[in-house]
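Reviewing the structure listed below.
A short reminder: the numbers here are calculations on the coordinates, not readings from a lab. Small disclaimer: the values here were computed from a predicted structure and weren't measured. Note that we place each Cβ from the backbone using ideal geometry, even for glycine, and neighbour counts take in every protein chain shown.
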Amino acid sequence: MASRDLAESLLPGGGAAAASALHDEYEERAYDSDDKVSISISDSDDDADDGAAPSRPPFSWRKLWRFTGPGFLMCIAFLDPGNLEGDLQAGAAAGYQLLWLLLWATVMGALVQLLSARLGVATGKHLAELCREEYPPWATRALWAMTELALVGADIQEVIGSAIAIKILSGGTVPLWGGVVITALDCFIFLFLENYGVRKLEAFFAVLIATMALSFAVMFGETKPSGKELLIGLVVPKLSSKTIKQAVGIVGCIIMPHNVFLHSALVQSRKIDTNKKSRVQEAVYYYNIESILALIVSFFINICVTTVFAKGFYGSEQAGNIGLENAGQYLQEKYGTAFFPILYIWAIGLLASGQSSTITGTYAGQFVMGGFLNLRLKKWLRAMITRSFAIIPTMIVALFFDTEDPTMDILNEALNVLQSIQIPFALIPLITLVSKEQVMGSFVVGPITKVISWIVTIFLMLINGYLIVSFYITDIRGAVLRSSLCIVLVVYLAFIVYLIVRNTSLYSRLCSSMPKRS
């Protein structure tokens, strides 16, 4: 009885409202009905589809505006400090040569995110909720643990990036750990804005994205990269043995596991009647447009960062030593002050990147925890729990590592590997679910989309597998540690195989044959 009372007290509203909620189907939902944004702009919107053949209503700019928001929150994962570091290192080490890979990596990321949005709209549930329903409890817990690890790894890099920006803007007055504390407080900004509605929160992120776009566009204008080389880099594929590490970094940073879960939840923020096929078609249509527009913006920002460092440092002595902290100083030494000190332009863009990505990481953590574990907690409590998961290890990193220490580079690479190994545990469930007619109904993906999705998934798994093997060979020392990691790797691969074959006829035959053997 005490545990029931505790659960009631943690539910939004508490007391009688909580008790009535417990009597209903007690399941976590991404957004309460009152929090959702209304889409209809006329009475005909609500009356459509009654007995008529389902068809998507004609295009409306006003409706596109009402659907706009989730895609731009999603695209922030393409602009986090980890991506910016990958961009600047690719530009410094490979010049304009890897721009084509950045383009196609963004296209692959777009495919994954469009599938995620489609899943959320068609089912009315997000990926974490559907995984809880699809897989047995042990697999659900394992998927949750893997996703949380990926979130922690991503958030450490994002918070450190934001702390570096604060340190630069303060002239070194605020130490790294101080920047971490300041960044940790952003969850209160998030809670404040969330209480005022989804659109206010989306507007805040729009300002941060605009800040990034303006900052890096100004950098692009001041450094004046070659337009000809930029176009050639986008169109002509080039890859050498010297740039393979940067190439893997570009592809590996684009797909963030937690972002796949996040986008399927963000699309729940609009009121959509899933019982009307035309409404679902309409939502998928507008979300596709909005997501593509958002990713075009993110691609533009990534291009600006890559080409600025390609123009300034490709072939230079500093090319192999540039990171997030010293990048602004190198830019300042090379370009000085034209319109505004370029060091601070860089720091402002980096701060917007770090702040926006850490807040969306907190947002994603709420959906992941609530969906996998079926927890429906008050917003402030969910935010504090998910924030603590990342801030505590980040503070440890800030206190014991110097950003200019080579150990920090090894740590960053280890965090990239940590996120890379989580890729299959987001993509395989996503493709499995969008391919199931029992889940998607008439919105199940077609065979061509399914094949392309599996090709992209296998390609990303191979790319990230290369990163894992490379890290294992170069940075893991000691027979005991290597042997232990080999055992972990066997379990890891076995779980991936299970996720892939679970919905195949082979798995069904194996399961049906087991009772006979006993």
Along the dipole axis of the stretch 145-233 (charges at Cβ: +1 for Lys and Arg, -1 for Asp and Glu; origin at the Cα centre), the most positive-end residue among 185, 175, 221 is 221
For the stretch 105-243, the Cα gyration tensor yields equivalent-ellipsoid semi-axes (√(5λ), largest first, whole Å) of 32, 27, 19
Contour minus Cα-Cα span, residue 64 to residue 145, at 0.36 nm per residue, comes to 25.5 nm
Per residue, the convex hull enclosing the alpha carbons of the stretch 176-309 has a volume in Å³ of 181 Å³
The local net charge around residue 445, scoring Lys/Arg +1 and Asp/Glu -1 for residues other than residue 445 whose Cβ lies under 13 Å from its Cβ, equals +2
In cubic angstrom per residue, the convex hull of the stretch 142-210 built on its Cα atoms measures 114 Å³
The convex hull of the Cα atoms of the stretch 275-377, divided by residue count, gives a volume in Å³ per residue of 174 Å³
Karplus ³J(HN,Hα) for the stretch 427-438 (6.51 cos²θ - 1.76 cosθ + 1.60, θ = phi - 60°; Hz, whole; x = Gly/Pro) runs 6, 5, x, 4, 5, 4, 6, 5, 9, 9, 5, 5
Both in Å, the radius of gyration and Dmax of the C-alpha trace of the stretch 232-336 are 19.8, 62
Cα-based Rg and Dmax for the stretch 295-354, in Å, come out at 11.7, 33
Per the Kirkwood formula over distinct C-alpha pairs, the hydrodynamic radius of the stretch 198-251 in angstrom is 14.3 Å
Descending packing, highest mean Cβ count within 10 Å first, for 175-184, 76-85, 270-279 is 76-85, 175-184, 270-279
Compactness check, the stretch 216-292: C-alpha Rg relative to the 2.2 N^0.38 Å globular estimate gives 1.71
By the Cα gyration tensor axes a ≥ b ≥ c (a/c under 1.5 gives rounded; else a/b larger than b/c gives prolate, otherwise oblate), the shape of the stretch 265-321 is prolate
Expressed in Å to one decimal, the Kirkwood Rh of the stretch 117-160 from all distinct alpha-carbon pairs is 11.8 Å
